[in-house]
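See structure below.
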Amino acid sequence: MKVPYNWLKDYVDINVNAVELGDLLTLTGSALEGIIVQGDLINRVVVCKFNSIEKHPDAEKLSICLVDIGEDEELQIVTAATNMKVGDRVPVALHKSTLADGTEIKKGKLRGVVSNGMFCSEAELGLKGEDEVDGLMILPEDAPIGMEIKEYLKLKKETLDFDITSNRPDCLSMIGMARETAATLRTEYKMPNLEYKVTSNDNINDEIKIDVKDSLCKRYMARGVKNVKIAPSPKWMQERLLDAGVRPI
């Protein structure tokens, strides 16, 4: 069970660090297997801005880009990406940089043209799976040029990985681990806000008909939801799911 430390703090007042919390929870029966620090391996990946994009003279699918990384000279990068334009800001892995999976990036030549690094997608930063990305990660236009990407995206987040035994299914959820943490620290568990607003006066009985045929069912409740939009989850939700080891498909 992967338990993001910052997410847990939404439900419990925690006055110890992640390592100490893991030790305390181990003593109460939730054995800590390890602490995962997202972005720990990422090094020398910074925010850059595209100053120019030109087609490679000897390769139809490659482009030669000059980017600003906050230094005196522009940096030349050769890329096969196509979803960027002049003025966009993206993460760039510099010479002798390291990506989220430990891959080291060095300068080299692509079809005879020097490339001093590599532009990054969300997959290279460990934020999404390879099959879930479509091109480079385009950052907001106010992203500070030259800033370390793990600092800008606040990637250095701790996740506690517990080995939950079969007799403790109550700990196989964030709420369950929050209750366990509150009991361990002898502090208060804060129930998440479950309030919602009814935005329609429609009667659900006008939409569907439910026929309860079993006499043992004394009460059946239903609520209808209209105008559901199929779209990617909000960024904050995707980040929480990723921190907990779940792909936000």
Would you kindly give the portion of the calculated P(r) for the chain that falls above 22 Å, as a percent of all Cα pairs? 66 percent
Under the rule that an exposed site lies in a DSSP loop and has at most 12 other Cβ atoms within 10 Å, name the longest stretch of the chain with no chymotrypsin sites (Phe, Trp or Tyr not before Pro) of that kind, not counting the sites themselves. 1-195
Dipole axis of the chain (+1 Lys, Arg; -1 Asp, Glu on Cβ), positive-most option in 183, 169, 81: 169
Starting from the 7 Å offset along Cα-to-Cβ, what nm value, one decimal, do you get for the label separation of residue 246 and residue 51? 4.5 nm
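Please report the projected area of the stretch 109-249's Cα convex hull averaged over all directions, in nm².
On the way: hull surface 69.3 nm².
Mean orientational projected area (the stretch 109-249, Cα hull): 17.3 nm².
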Largest fluctuation, 124, 151, 195 only, Gaussian network model of the chain with Cα springs under 10 angstrom, belongs to 195
Net charge near residue 202, counting Lys/Arg +1 and Asp/Glu -1 over other residues with Cβ under 15 Å of its Cβ? +2
GNM flexibility winner over the chain from 61, 226, 96 (Cα, springs under 10 Å): 226
Please list log₁₀ I(q)/I(0) at q = 0.19, 0.26 Å⁻¹ for the stretch 37-88, using the Debye equation with identical point scatterers on the alpha-carbon positions. -0.70, -0.99
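Would you mind working out the magnitude of the charge dipole of the chain relative to its Cα centre, with +1 at each Lys and Arg C-beta and -1 at each Asp and Glu C-beta, to the nearest 20 Debye? The partial results should precede the final answer.
Details: 33 positive and 41 negative charges, 126 e Å.
My answer is approximately 600 debye.
The stretch 87-166: Rg/Rh from Cα coordinates, Kirkwood Rh?
Working: Rg = 15.4 Å, Rh = 14.5 Å.
Looking at the stretch 87-166, the ratio lands at 1.06.
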To the nearest 10 degrees, the tilt of helix 18-27 (Cα long axis) against the first principal axis of the alpha carbons of the chain is 40 degrees
Excluding ligands, DNA and RNA, what is the solvent-accessible area per residue of the stretch 5-67 at a probe of 1.4 Å, expressed in Å²? 52 Å²
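Longer than 19 Å from Cα to Cα, which of 106/154; 128/235; 55/96; 2/128 are they? Say none if no pair is.
On the way: 106/154 25 Å; 128/235 12 Å; 55/96 26 Å; 2/128 17 Å.
Going by Cα-Cα distance, 106/154; 55/96 fall outside the 19 Å limit.
Contact order normalised by length for the chain, with contacts defined as Cα pairs under 8 Å and 6 or more residues apart; what percent is it? All intermediate terms of the calculation are to be shown ahead of the outcome.
Working: 408 pairs, mean separation 67.0, N = 249.
With pairs under 8 Å counted, the relative contact order is 27 percent.
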Computed lengthening from residue 175 to residue 196, 0.36 nm per intervening residue step minus Cα-Cα distance: 5.7 nm
Any chance you could run the full-extension gain for residue 138 through residue 43? It's 0.36 nm times the residue separation minus the Cα-Cα distance, nm to one decimal. 32.3 nm
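Would you work out what percent of the accessible area of the chain, with all protein chains in place, is carbon or sulfur (probe 1.4 Å)? It would help to have the intermediate numbers written out before the result.
Values: 7950 of 16190 Å².
Ligands and nucleic acids excluded, carbon and sulfur reach 49 percent.
In debye to the nearest 20, how big a dipole does the stretch 146-247 give about its Cα centre with +1 on each Lys and Arg Cβ and -1 on each Asp and Glu Cβ?
Values: 19 positive and 16 negative charges, 37 e Å.
The calculation lands at about 180 debye.
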Per residue, how much accessible surface does the stretch 123-249 expose to a 1.4 Å probe? Answer in Å², no decimals. 77 Å²
Over the chain, the sum of -39500 (n - 2.57) across DSSP H runs of at least four, divided by residue number and rounded to 500 deg cm²/dmol, gives at 222 nm -4000 deg cm²/dmol
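Relative to the present Cα-Cα distance, how much length would full extension add between residue 2 and residue 205 at 0.36 nm per residue of separation?
Numbers: separation 203, 0.36 × 203 = 73.08 nm, distance 4.14 nm.
So the extension gain works out to 68.9 nm.
The values are calculated or read from the model by the stated rules, or taken from the named source; none is laboratory data. Remember, it's a predicted structure, so these values are computed and weren't measured experimentally. A quick note on method: Cβ atoms are made from the backbone with ideal geometry, for glycine too, and the neighbour counts reach across all protein chains shown. The area values use the complete protein model at the heavy-atom level, side chains included, leaving out ligands, DNA and RNA. Shrake-Rupley method; radii C 1.70, N 1.55, O 1.52, S 1.80 Å.
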